[in-house]
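Here's the structure, in structure tokens; my notes come after.
The values are calculated or read from the model by the stated rules, or taken from the named source; none is laboratory data. Keep in mind that this is a model prediction, so the values were computed, not measured. When we count neighbours, we look across all protein chains shown, and the Cβ atoms used for this are built from the backbone with ideal geometry, even at glycine. The accessibility values were calculated without ligands, DNA or RNA, using every heavy atom of the protein model including side chains. Shrake-Rupley method; radii C 1.70, N 1.55, O 1.52, S 1.80 Å.
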Amino acid sequence: MKKIGQFIRENLKGGKACVLVTIISSEGSSPRGAGTNMAVSQNGDCCGTIGGGAVEHRVTGMAKEIMESRRSRAEYFMLNRDDVRNLGMICGGDIRVYLQYIGASEENMKLYEEICWAAESNENRWVVFEIDGEQQCSASILSREGVIYGQTSSSQYLDRLTNLTVGAWNEKGSYYIQPLAVKGQVYIFGGGHIARKLVPILASVDFSCIVYDSMEEFTRLEDFPQAKAVICGDFAQIDQHLSIGRDDYVVIMTRGHAYDYTVLRQVLAKHTLYTGMIGSRSKVKTTNEKLMGDGYTETDIARIHSPIGLAIKADTPAEISISIAAEMIEVRATARQEKQL
């Protein structure tokens, strides 16, 4: 939702209307699940995808009709054999989408400024779209504590919020809940070759990254354009610059084993959701022995993902980055499923 929100905001700034397309329900082997978004601008540009193929082509055409009529509507698609073949699916499925007209008004500009701000936060944030019988839509931004922006009546949806909200559609006085941001920052210690490959990969799958190194040559902003922040600081004093919590992810790959260990000892006290440290199996063995000697338990050591990343025989910095990102995606998905249960 972050990139789509930015896309809509920029179009609204230019005086161009948009249509926000959201899958509000799906059954069977549909290409994308409920909660998937794409946006279509007034000049036909698109951001995001609802799965491609014939259905997306039809929806893009419908978006033009929506902008001409300036009226939102819901559409139901039963994927036929041609759709299934075009999408490369084994069997069919059905999806329902809501096409929301977003005019270039000051009110919508303010809303999408707030949506972009909320999506950048390292906090749990949701947007609630309420649709009336005339298919008119109003939106509010919520946290677990209450309504941050919009109509206070939206507080009635607070008990429906979860970390894995994929939406809820009610035919009588319809509403849809869309997650904007889920708490969990990525802290990358070491701004070398792998970090430069890793940050854009993580950013592309909605991780927010902060890069930290003790040398200025490894903390150049131009090397990490997709990072939320790049910090130069002492590896022995990370608490002076960072506030790492239990929902966060840590990747340790500094320029030396001693620095890695210095950071690792500080991070273990945070009980983060994910702590990964790069290194060979011999380095891992040596590190574990040192940790045991320093009073850490086997439970502490078991929380460290090292060697880091999924075992895909990665070799180059780009391949290693992919393996790390894949492991973090798996950890994130597992954590969200557990919270949902």
Pick from Arg71, Arg58, Arg144: which is most flexible by mean-square fluctuation in a GNM of the chain where alpha carbon atoms under 10 Å apart are linked? Arg58
Expressed as a whole percentage, what fraction of the accessible surface of the range 279-341 belongs to carbon and sulfur atoms when a 1.4 Å probe is rolled over the protein heavy atoms? 54
Taking the chain as a Gaussian network, Cα atoms linked when under 10 Å apart, which of Cys47, Cys209, Cys116 shows the biggest mean-square fluctuation? Cys47
Once you charge only the Cβ atoms, +1 for Lys and Arg and -1 for Asp and Glu, what is the size of the charge dipole of the chain about its Cα centre, to the nearest 20 debye? 400
For the chain, set up a GNM with springs between Cα atoms under 10 Å and report which of Ser154, Ser321, Ser243 has the largest fluctuation. Ser243
Run the numbers for His241 and Glu75: contour at 0.36 nm per residue of separation, minus the present Cα-Cα distance, in nm. 54.9 nm
Quick tally, 1.4 Å probe accessible area for Leu99, Leu221, sorted with the most first, runs Leu221, Leu99
